[in-house]
Amino acid sequence: MTKKTPPTRGLHELYAEDPTAADRRLWGREVDPLTRRGFLQRSSLLAMAAALGASIPFADKMPGGLIPAALAQSDEPFTLVGKEGLTVLNDRPINAETPPHLLDDDITPAKYMFVRNNGIPPEAQGIDVANWTLSIEGESCLTPTTFTLAELKERFTQHTYQLQVECGGNGRSEFVPSASGNQWTTGAVACPSFTGARLSDVLEACGIADDAVYIGYYGADTHPSGAPGKEPISRGVPIYKAMEKESLIAWAMNGEDIPYLNGYPLRLVCGGWPGSVSGKWLTRILVRNQKHDGAKMAAPSYSVPRYPVAPGTEVPLSDFETIHSMPVKSLITFPRSGITHPLGESLEVRGHAWAGDLAVREVHVSHDFGATWQPAELRDAPNRLAWQRFTTRLDFPEPGYYEIWAMAVDDEGRAQPMVVPGWNPKGYLNNACHRIAVQVV
Ligand SMILES: Nc1nc2c(c(=O)[nH]1)N[C@H]1C(S)=C(S)[C@@H](COP(=O)(O)O)O[C@H]1N2
Ligand SMILES: [Mo]
């Protein structure tokens, strides 16, 4: 039996009274009550509360799948804890990206670093820094050891590097047919400065067996399903990447505690590779005598076909390979897309360029859809695996609509494609040129 509902009635009241009618009004169809109840799982509520920095008194009345307005619109009074101006793509788990113009700083401020969660972060209040430990273990670790955070800080030399972290799926939203997963546009990248111990120093202190080939991390976050003992993600890197001097076990970002949503109080950072290898809320590292086999190590996660495939192709899992270094890419961070600019004045254009494990050799900028390009000034990176600043000035011949495109070239001569590159089933590695709109009047 359906009740007649006055149109002025708020959804909250309607839900309390007749959830089915409320669902019909909101979604235009019946919603399986199980789906709605599914939203009320403890894990979701914890994630939501953490995201909003407040509890949700009417959580039991929220429709399943609803993204709270506080998160969907960044000008609302609530934001992600410690974040500002990010666009929320998903609330379960929390995933949020940074608009390009907020990435203009040389060193990404903490509040502008994107958030990519595969699971539910450990409860903020439950993080006991004084008793936080990191265990180094695994079949190729000679002397398995557990360190407290204080011991790590005391025993090992501190190093600071600015490191670019980009999600393997950054740019996924442009693939056709679309790939499932967070629909990142351009904002799942950041380059803050990290301080910590070298992963190599810590591993060496625990003894690395001759047969070591890989490391794998574990963090304190939990699986979205709530299943106990099931990791949301446990990835790693080949031992050669782990032993690079820039690979850090970091306890600070930009000279302060790592933000809660970015892995407080301890995280791994292996710059230049898919962000997924940089484990957050780090508790354990295994030294492996085989490729690590933790959650999301197997294809198709963070993997692409070994050969080019036509869009939409179903690729056998045995034909995938794990992504290592990320491809060359750039982002225009000034001006903001959509500005109006006076004719006769030259326009400063700037941004960053990066190339995974490599350096960027050149950046070119176009204001005529790629017909001509002018070289930008390109700064050296402050250290290996940091992004590089590019700047240039553009003059416009007449009033009208322009697009500014930027194209970086790595030091092995590979350039960014102007269109979306090789489609792949999971939508990784889109390094197409970034473009912004400018209206000249
Ligand atoms: N423990 C843990 N570590 C993690 C993840 C996670 O969900 N849990 N996400 C990974 C992925 S896919 C990315 S892209 C980066 C993102 O780091 P950020 O959220 O600090 O920006 O963290 C990686 N480390
Ligand atoms: Mo990622």
Within the stretch 356-391, can you find the residues that are under 25 Å from the mean Cα position of the chain (by Cα) and assigned to a loop (DSSP other than H, G, I, E, B)? Gly356, Asp357, Ala359, Arg379, Asp380, Ala381, Pro382, Asn383, Arg384, Leu385, Ala386, Trp387
Take the conditions under 30 Å from His292 (Cα atoms) and of a type in the set (Lys, Arg) and apply them to Lys153. Does it pass? yes
Just checking, does the stretch 283-298 include any residue being out of contact with any Asp or Glu (no Cβ under 8 Å at 6 or more places or on another chain), within 26 Å of His159 (Cβ to Cβ), in a strand (DSSP E or B) and assigned by TED's automatic domain parsing to the domain that holds Asp128? yes
Let me confirm something: among Arg284, Arg288, which residue is over 22 Å from Met113 (Cβ atoms), crowded, with 18+ Cβ neighbours inside 10 Å and within 22 Å of the chain's Cα centre (by Cα)? Arg284
Report every pair of residues separated by at least 6 positions or lying on different chains whose Cβ atoms are under 6 Å apart, first residue within the stretch 125-138 and within 17 Å of Glu154 (Cα to Cα), second open to solvent by 60 Å² or more (accessible area, probe 1.4 Å). Thr133/Thr146; Ser135/Thr146; Ser135/Arg284
Note on Val409: of the conditions (1) exposed (fewer than 15 other Cβ atoms within 10 Å of the Cβ); (2) over 23 Å from Leu248 (Cβ atoms), unmet is (1)
Which of the strands (runs of 3 or more DSSP E) contained wholly in the stretch 81-179 include at least 2 residues that are among the hydrophobic types (A, V, I, L, M, F, W, C), open to solvent by less than 20 Å² (accessible area, probe 1.4 Å) and modelled with pLDDT of 95 or more? 133-137
Look at the stretch 205-223 and say how many of its residues are under 15 Å from Lys241 (Cβ atoms) and either surrounded by fewer than 22 Cβ atoms within 10 Å (Cβ to Cβ) or touching a helix residue (DSSP H, G or I) at 6+ places or on another chain (Cβ under 9 Å) (or both). 6
Give the residue that is surrounded by the most Cβ atoms within 10 Å (Cβ to Cβ), with candidates limited to residues of the stretch 242-276 that are farther than 19 Å from Thr133 by Cα and within 16 Å of ligand 2 (Cβ to nearest atom). Gly271
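The values are calculated or read from the model by the stated rules, or taken from the named source; none is laboratory data. Keep in mind that this is a model prediction, so the values were computed, not measured. Please note: Cβ atoms are built from the backbone with ideal geometry, for glycine as well, and neighbour counts cover all protein chains shown. When the accessible area is computed, the model is the full protein with side chains, heavy atoms only, and any ligands, DNA or RNA have been set aside. Shrake-Rupley method; radii C 1.70, N 1.55, O 1.52, S 1.80 Å.
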